[in-house]
Structure formats: structure tokens, C-alpha cells
Amino acid sequence: MTGVGWRGVQAGLYQLISEKPDFCIVSGLAGGLKTQLRSGEIVAAREIHLLSGGGKFRSRRSLLALAQEQRATVVDSFLTNAQIVSQSQFKRSMAEFGDVVEMESAHIMKMLTGAQVPGIAVRAVSDTADEDLPLDFSRAIDDHGQVSHRQLLMQIGRYPHKIPALIKFGRRSERAAQNLAAFLETYIVAAEDRFTHWTNIHELEEATQ
């Protein structure tokens, strides 16, 4: 609903949250910052940090526990950055502050916090800490957060030797997206089973304290 990056509140997202869903899963792809995270791995964050302007948000404890039961790797923190981090040297410099980097989670979690909607941030790792992205994707994202194929083709025309790396990255990103879709499918079924006997997630957490 946001596309790549954050360009202010999207009408559809605002409408969704204003309808007070039982909970919200903030999901997408992310770049790994810690070397132990593998491409395609599903990670769920205890905390989500907004790098530009500050701000820290937490995934709901019961949702996080359920993600771990469904074999997601629970990590300490996601870093929400304003730009795509393309080079491994910059990923390594960010590793002491977080486990993965992405571009949207903190903004959405801020909206959820304001609306008192329970939330969790779950991502699939597309690129690992020790790899550079094959192209400068930040130059290929349009004003709506979508990949501009024209801009991509222009870059490929300038750097044709990067085509094999781009194909490899595309395949790994597709696999990561498939892993994420499979996880979300089983997670939502498990959540329906877990929370169906309670009025809401707040009530469940109060009962288990």
C-alpha cells in the first residue's frame, strides 16, 4: 500500500487503520545488516527505529510470540531509513544500531500507535549484509513508490556487465517474497486460532500476564 519508501500517509492505508482492525502486520522486504541473516529469511522486530527524526515503536508482544512460534527469526530492531542502502560498507556501519534496514515500518507503526491498533513488523531479507545491490535502485523509484522500468533500463544500458548480478538479485528477491507470502498465510491462520476466543489482543495479554 505504500510502495517503496514513505511518501506521506496513503489514503488506502489511512482508511484501513481508521476502521480499527484487530491487528496489523507491517510487511515487505528488507536488507540484512547482521551477517548471520540469510537471504529469504523471515524476521520479526521487537522494536522499529525511525532514523530520520527519531522515534521508536514496539511490535505487540503476543503477535511477536506467535511469529516466533511460526519460525520467524525475532530480532532486536528494524531501522527505517529514508534511502535504499545499496552498499555493503554502509550496511556494516549500520549493523551496531539494528538488524535489518527498510523504508516504511516505523511510519506505519507510528500510525498504528496513534490509532491504538496492535501491530507487528515482519520482513523477508532480500539482500544480505555482505552484498552490494547490483544497481542504484533509489534512482529507479518513481513518485508513487513503484519501480520505473525505464529508469532501470537506462542504468542497464550504462552498465551491461551488471546484468548477471541483477538477474541473481531478482531471483533471490522473488524467493524472499514467496517466503514472506507463505509465512503470512500460515501466520494469519494461526492468529485466527489464537485470538478467536478473546475479545481483542489487549484482553489476551492481560489474561496471560
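Only one of these conditions is not met by residue 16: (1) of a type in the set (A, V, I, L, M, F, W, C); (2) assigned to a helix (DSSP H, G or I); (3) at pLDDT 95 or above. Which number is it?
(3)
Run down 193, 130 and say which single residue is surrounded by fewer than 19 Cβ atoms within 10 Å (Cβ to Cβ), within 20 Å of the chain's Cα centre (by Cα) and either on the phi < 0 side of the Ramachandran plot or not aromatic (Phe, Trp, Tyr) (or both).
Within the list 193, 130, the selection yields 130.
So residue 87 fits all but one of (1) buried (at least 16 other Cβ atoms within 10 Å of the Cβ); (2) under 19 Å from residue 169 (Cα atoms); (3) not small (Gly, Ala, Ser); what number is the exception?
(1)
So that you can scan it fast, the table gives a plain yes or no per residue for (1) surrounded by fewer than 13 Cβ atoms within 10 Å (Cβ to Cβ); (2) under 22 Å from residue 135 (Cβ atoms); (3) at pLDDT below 95:
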| site | (1), (2), (3) |
| --- | --- |
| 24 | no, no, yes |
| 42 | no, no, no |
| 46 | no, no, no |
| 75 | no, no, no |
| 82 | yes, yes, yes |
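Any residue in the range 153-167 that is hydroxyl-bearing (Ser, Thr, Tyr), surrounded by fewer than 16 Cβ atoms within 10 Å (Cβ to Cβ), in a loop (DSSP other than H, G, I, E, B) and touching a helix residue (DSSP H, G or I) at 6+ places or on another chain (Cβ under 7 Å)?
no
Please work out if residue 117 is among the β-branched types (Val, Ile, Thr) and either closer than 16 Å to residue 46 by Cβ or at pLDDT 95 or above (or both).
no
Between a first residue in the range 157-169 that is over 7 Å from residue 134 (Cβ atoms) and a second residue that is of a type outside the set (Gly, Ala, Ser), which pairs have beta carbons less than 8 Å apart while being 6 or more apart in sequence or on different chains?
159/135; 163/156; 168/134
Give me the residue from the range 88-135 that is in contact with a strand residue (DSSP E or B) (Cβ under 8 Å, 6 or more places away or on another chain), of a type in the set (D, E, K, R) and in a helix (DSSP H, G or I) and, out of that set, nearest to residue 65 (Cα to Cα).
Among those that are in contact with a strand residue (DSSP E or B) (Cβ under 8 Å, 6 or more places away or on another chain), of a type in the set (D, E, K, R) and in a helix (DSSP H, G or I), it is 110.
Does residue 30 satisfy the condition of being at pLDDT 95 or above and closer than 20 Å to residue 3 by Cβ?
Yes; evaluated as a whole, the condition is true for this residue.
Of (1) within 18 Å of residue 113 (Cα to Cα); (2) over 14 Å from the mean Cα position of the chain (by Cα); (3) among the basic types (Lys, Arg), residue 71 satisfies all except one. Which?
(1)
Please work out if residue 106 is within 20 Å of residue 72 (Cβ to Cβ), crowded, with 20+ Cβ neighbours inside 10 Å and either at pLDDT 90 or above or not aliphatic (A, V, I, L, M) (or both).
In short, yes.
The values are calculated or read from the model by the stated rules, or taken from the named source; none is laboratory data. Owing to the predicted nature of the structure, the values given are computational and were not obtained by experimental measurement. No Cβ is skipped: glycine too gets one built from the backbone with ideal geometry, and neighbour counts run over all protein chains shown.
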